[in-house]
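Asker: Take a look at this one; I'll ask things after.
Every read-out reported here was derived from the displayed coordinates using simple, explicitly stated rules and does not represent laboratory data. What you are looking at is a predicted structure, and each value in this text was computed from that prediction instead of being measured. Neighbour counts run over all protein chains shown; Cβ positions are idealised from the backbone, glycine included.
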Amino acid sequence: MTEHKHQHNQKDPACLEVFAKLSEYLDGELDRLECDHIEEHIADCPPCVEFLRGLKRCVETSREFEGQGNCPKMPPEMEEKLREAWQNALKRRENAH
Amino acid sequence: MPNASASSPEVEWARRLLEGDATAFTPFVESFQHRIFQYTWLMCGQREDAEEVAQDTLLKVFESFDQLQDPSRVKAWVFRIAKNYCLMKRRKSVFAPDREYSLDELLPGSEESARTIQVADSGALPEEQVLRAELASHLEEALAELPELYRSVVLLRDVEGLSTSEAAEVLDIKEDAVKQRLHRGRLALRKSLARYTPAGTGEASR
């Protein structure tokens with residue numbers, strides 16, 4: 001068990017700074033220096049680690065979301081209309097070249 | 001982050017469709033029909049609208065397929081059309097009204113911090129799978145509670161897997177705005193879903 005070196009709350013500037021960048025950190029959108037800074041902070045801040053874990057869990061849940069699932073099958077006449085539109089677009093593309 | 005869609009099946013299907021390959025037609029239609037249906041339903045909460053927007057979007061997509069310049073951007077192109085149909089079609093949203101979150105209100109409160117510290121110290125989390133399943137069952141409700149500003153970005157980036165630049169193209173906003181809205185949207189979702197995580201994750205043992 002790690003001893004808490006500081007309180008994780010709304011007034012801690014170090015936590016606040018990390019807090020603002022956690023999504024970019026999770027998405028791999030920060031440069032090496034910024035990543036090092038965050039990792040240095042969270043190595044010493046179990047509440048921030050736990051918060052990051054909760055945020056990551058939330059993002060992964062969204063990524064796995066199956067949603068309503070039961071989109072009705074396209075009516076055959078609609079599918080035919082789409083195929084026709086696609087074929088016409090291809091002809092126009094061919095003529096343009 | 002690299003373009004998440006560059007090598008997705010949709011990109012490959014779009015390339016093949018541009019070459020006239022009919023075997024790519026059905027998987028392309030089924031994939032986008034489902035995605036647009038889900039996006040529209042979660043944006044405005046009307047099943048009938050979601051079905052219609054999916055069909056209207058696909059018809060528009062194929063009618064203008066000769067204008068698809070870059071197949072690697074097909075997801076952004078299709079979702080931009082879907083978003084516009086969604087806006088046109090939409091009745092009054094049944095979901096949360098639009099408002100902006102400040103970062104402050106999304107910070108964990110002191111009570112929550114105490115709880116998460118306890119969770120961290122429990123050294124456990126073997127129930128991760130159960131916890132994820134529990135969260136998944138409440139995600140739709142939590143998404144519905146998000147103001148539209150954030151919901152649209154979270155849906156495009158996290159649920160539909162578009163890159164930051166693709167989401168920016170769909171919503172016609174700058175990439176920095178996508179990042180800011182995504183972060184606040186995720187924080188709000190986390191806060192909302194935190195309601196469902198205490199039991200069995202350490203708090204009960206206190």
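Asker: Rank A:R63, A:R83, A:R53 by mean-square fluctuation in a GNM of chain A with C-alpha springs under 10 angstrom and give only the top-ranked residue.
Answerer: Highest fluctuation among the options: A:R83.
Asker: When a footprinting reagent is the concern and you count Cβ atoms within 10 Å, what order do A:R32, A:R57 take, fewest first?
Answerer: Ranked by crowding around the Cβ, least crowded first: A:R32, A:R57.
Asker: Set the Förster distance to 25 Å, then compute FRET efficiency between A:E80 and B:S31 from the Cβ-Cβ distance, nearest 0.05.
Answerer: On the way: r = 19 Å, r/R0 = 0.76.
Step by step, r from the Cβ atoms, then E = 0.85.
Asker: Would you kindly enumerate the cysteines in chain A that have no other Cys beta-carbon under 4.7 Å from their beta-carbon?
Answerer: So, A:C15, A:C35, A:C58, A:C71.
Asker: For B:173-183, what's the mean count of beta carbons from other chains sitting within 10 Å of each residue's beta carbon?
Answerer: 2
Asker: Using the count of nearby Cβ atoms within 10 Å as a rough guide to exposure, how do B:S102, B:S163, B:S192 rank from fewest to most? All intermediate terms of the calculation are to be shown ahead of the outcome.
Answerer: Values: B:S102 8, B:S163 22, B:S192 18.
Neighbour counts put them in this order, fewest first: B:S102, B:S192, B:S163.
Asker: Return the FRET efficiency for the residue pair B:S7, A:D36: r is the Cβ-Cβ distance, R0 is 41 Å, and the value is rounded to the nearest 0.05.
Answerer: Computed FRET efficiency for B:S7 and A:D36: 0.85.
Asker: Restricted to Cα positions, what overall size does chain A have along the principal axes? Three whole-Å values, descending.
Answerer: Cα extents, longest axis first: 68, 37, 23 Å.
Asker: On average, how many beta carbons from a partner chain sit within 10 Å of the beta carbon of a residue in B:47-58? Let's see the in-between values first.
Answerer: Values: counts 4, 0, 0, 3, 3, 0, 0, 3, 7, 0, 0, 7.
Average per residue, whole number: 2.
Asker: Also: Stretched out fully, how many nm does the piece from B:L87 to B:S64 gain, at 0.36 nm a residue minus the Cα gap?
Answerer: On the way: separation 23, 0.36 × 23 = 8.28 nm, distance 1.97 nm.
Gain in length upon complete extension: 6.3 nm.
Asker: Report, in listed order, any pair from A:K21/B:K174; A:K21/B:K89; A:K81/B:K75; B:K83/B:K179; B:K60/B:K174; A:K91/B:K75 with a Cα-Cα distance greater than 28 Å. Kindly include the intermediate steps, with their values, before the conclusion.
Answerer: Working: A:K21/B:K174 18 Å; A:K21/B:K89 36 Å; A:K81/B:K75 21 Å; B:K83/B:K179 19 Å; B:K60/B:K174 25 Å; A:K91/B:K75 23 Å.
Long pairs (Cα-Cα over 28 Å): A:K21/B:K89.
Asker: Hey, what angle do you get for helix A:76-96 against the long axis of chain A, alpha-carbon based, 0 to 90 degrees rounded to 10?
Answerer: Its long axis makes an angle of about 90 degrees.
Asker: What span do the alpha-carbon atoms of the stretch A:13-69 cover on each of the three principal axes, reported in whole Å from largest to smallest?
Answerer: 42, 23, 16
Asker: Just to be sure I understand the model, the point goes 7 Å from the Cα along the line to the Cβ. What's the resulting A:N70 to A:Q87 distance in nm?
Answerer: So the two model labels end up 3.5 nm from each other.
Asker: Starting from the Cα of B:R99, step 7 Å toward the Cβ, then list every residue of the stretch B:137-155 with an amide N under 16 Å from that point.
Answerer: Counting backbone N atoms under 16 Å from the label point, the list is B:144-151.
Asker: In debye, nearest 20, what is the charge dipole magnitude of the stretch B:9-89 about its Cα centre with +1 on Lys and Arg Cβ and -1 on Asp and Glu Cβ, if you could check?
Answerer: Magnitude of the dipole: close to 300 debye.
Asker: What list do you get for B:L135, B:L189 if you sort them by fewest beta carbons within 10 Å?
Answerer: On the way: B:L135 23, B:L189 27.
Exposure proxy ranking, most exposed first: B:L135, B:L189.
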